[in-house]
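Just below is one structure, and these are the notes that go with it.
The values are calculated or read from the model by the stated rules, or taken from the named source; none is laboratory data. Model, not experiment: these values are computed from the prediction. Note: ideal-geometry Cβ built from the backbone for every residue, glycine included; neighbour counts use all protein chains shown. Accessible surface is based on the protein model in full, side chains and every heavy atom, while ligands, DNA and RNA are left aside. Shrake-Rupley method; radii C 1.70, N 1.55, O 1.52, S 1.80 Å.
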Amino acid sequence: MAGAEDSPFPPLLNELARVRRSNLTAAIGDVDKIIGLLMAARDQVAADDDAHKIGMAMTTLQNPVKAQLEAINNDLKEVTKAQKAFGKALDKQALPQRDLPMETDAMADHPALINRALAMHLLREGQFSVASTFLREEQQQREQKETATMSQLLQRRDEDGDNSMTKDDEGDAEMQSLHSEDLQDKFSEMYSILAELKQRNLTPAIRWARLNNGRLEGKGSNLEFELCKLQYIWLFKGHAQNGLPDDSSNGKLGALAYAQKHFAPFQRRHLKEIQQLICAMLFAPNIESSPYRHIFEINSAFEDVATSFTREFCSLLGLAAESPLYVAVTAGSIALPRLIKYTTYMKEKKTEWTTENELAFETPLPESMIYHPIFVCPVSKEQTTESNPAMMLPCGHVICRDSLHRIAKGSRYKCPYCPTEGHLRDATMITL
């Protein structure tokens, strides 16, 4: 499996690949063969009145059917075996059944935050009924806890004569907004539009972007233009590819009419792109050989615009495009084996981390989960770019690559901030 050797869980990925290979396709094929044998025997019996021949046909049928039944059992055994092996690998590699060698649980004192993250994740995934049940049961549990706490305070007041009363409103403050029907309605709207995008219907998304045009432009978003641009291209391709009614609102003429009606507001910011889209009309008979070929290659365009729509929709709600719970759990699962190994080692050596509120080692995360601020090189005072990335030296100091090469003498360098020396090959590039 590609990339398995670079993963922190190669055995787990290997077992997952085995599960995918060991599916029910073979078993279904064997079942179809049995059905074919039985149907052939039925037709033979129906066409012949000779009892002897019928008996021979049934006797002949016995061994092939038995062989196919054994094949089905073997197929199912392979599937079951692969599933069990994956379960064991999952328990061993990703979900080790042992406590972390740490004295405290950082989130133990924040149950309301955990519950809020769970509820928000359910809402973001469109699991509205599950989210409602979760919120209702969480509220009932919290009210029962508050009632018990109030009873204890009343009893203590009677015993000690203390008239002071306290109430923990943390749970109410954290969960109240999630009970809002307005929030659920917004996510429902988002999934409704995404469903239309999946069917390659851009109209609802364009309508939403137009209604929220001011807020989107305030954030520097080009979503509305990207949607209109894709709609133009989709119409340009015509009935044979887009499946829309073959009339004057579709095809090349339909695309041109759409551009005349909707592209005017975008001329100030996207004039060059609009000019390219219109000029492509001249090459319509052979667009594949034109300079604008890349514009009309939209194999993944609808998926890309759906991702952009989700990101912008969540942004207007003040939320990240990815569920924080998903990111936290995934990153934590990747980091967990190294964390266990490191903390166990440190405990055995009776030493502690020398830094506070940060890990003492690097965790290999996917690029989508690596978040870095804009970095300005402390030596050159210039912002790093893709061609001049930030480089971390073995001593922990970070400078840009151009500065590193300027201070280097041959293949060796001396850190400008400490006495450490090293080779250029020892510096590690940081992806921003």
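Tabulated results
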quantity: Test for residue 136: is it part of a helix (DSSP H, G or I), open to solvent by 50 Å² or more (accessible area, probe 1.4 Å) and modelled with pLDDT of 80 or more; calculated: yes
quantity: Of all residues in the range 270-286 being open to solvent by less than 90 Å² (accessible area, probe 1.4 Å) and free of Cβ contacts under 8 Å to residues at least 12 places away in the same chain, the one that is farthest from residue 209 (Cα to Cα); calculated: 286
quantity: Qualifying positions in the range 396-432 - in contact (Cβ under 8 Å) with a residue 40 or more places away in the chain and either of a type in the set (S, T, N, Q) or open to solvent by less than 60 Å² (accessible area, probe 1.4 Å) (or both); calculated: 430, 431
quantity: Only one of 57, 82, 51 that is in contact (Cβ under 8 Å) with a residue 60 or more places away in the chain, out of contact with any strand residue (DSSP E or B) (no Cβ under 6 Å at 6 or more places or on another chain) and open to solvent by less than 90 Å² (accessible area, probe 1.4 Å); calculated: 82
quantity: Entirely in the range 208-290, the helices (runs of 4 or more DSSP H) that have 1 or more residues that are at pLDDT below 95 and of a type in the set (D, E, K, R); calculated: 213-218, 223-237, 251-262, 267-279
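Yes or no, residue by residue, for (1) surrounded by fewer than 19 Cβ atoms within 10 Å (Cβ to Cβ); (2) in contact with a Phe, Trp or Tyr (Cβ under 6 Å, 6 or more places away or on another chain); (3) within 18 Å of residue 288 (Cα to Cα); (4) not assigned by the TED database to the domain that holds residue 285:
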{"position": "221", "(1), (2), (3), (4)": "no, no, no, no"}
{"position": "224", "(1), (2), (3), (4)": "no, no, no, no"}
{"position": "231", "(1), (2), (3), (4)": "no, no, no, no"}
{"position": "238", "(1), (2), (3), (4)": "yes, no, yes, no"}
{"position": "245", "(1), (2), (3), (4)": "yes, no, no, no"}
{"position": "251", "(1), (2), (3), (4)": "no, no, yes, no"}
{"position": "264", "(1), (2), (3), (4)": "yes, no, no, no"}
{"position": "268", "(1), (2), (3), (4)": "yes, no, no, no"}
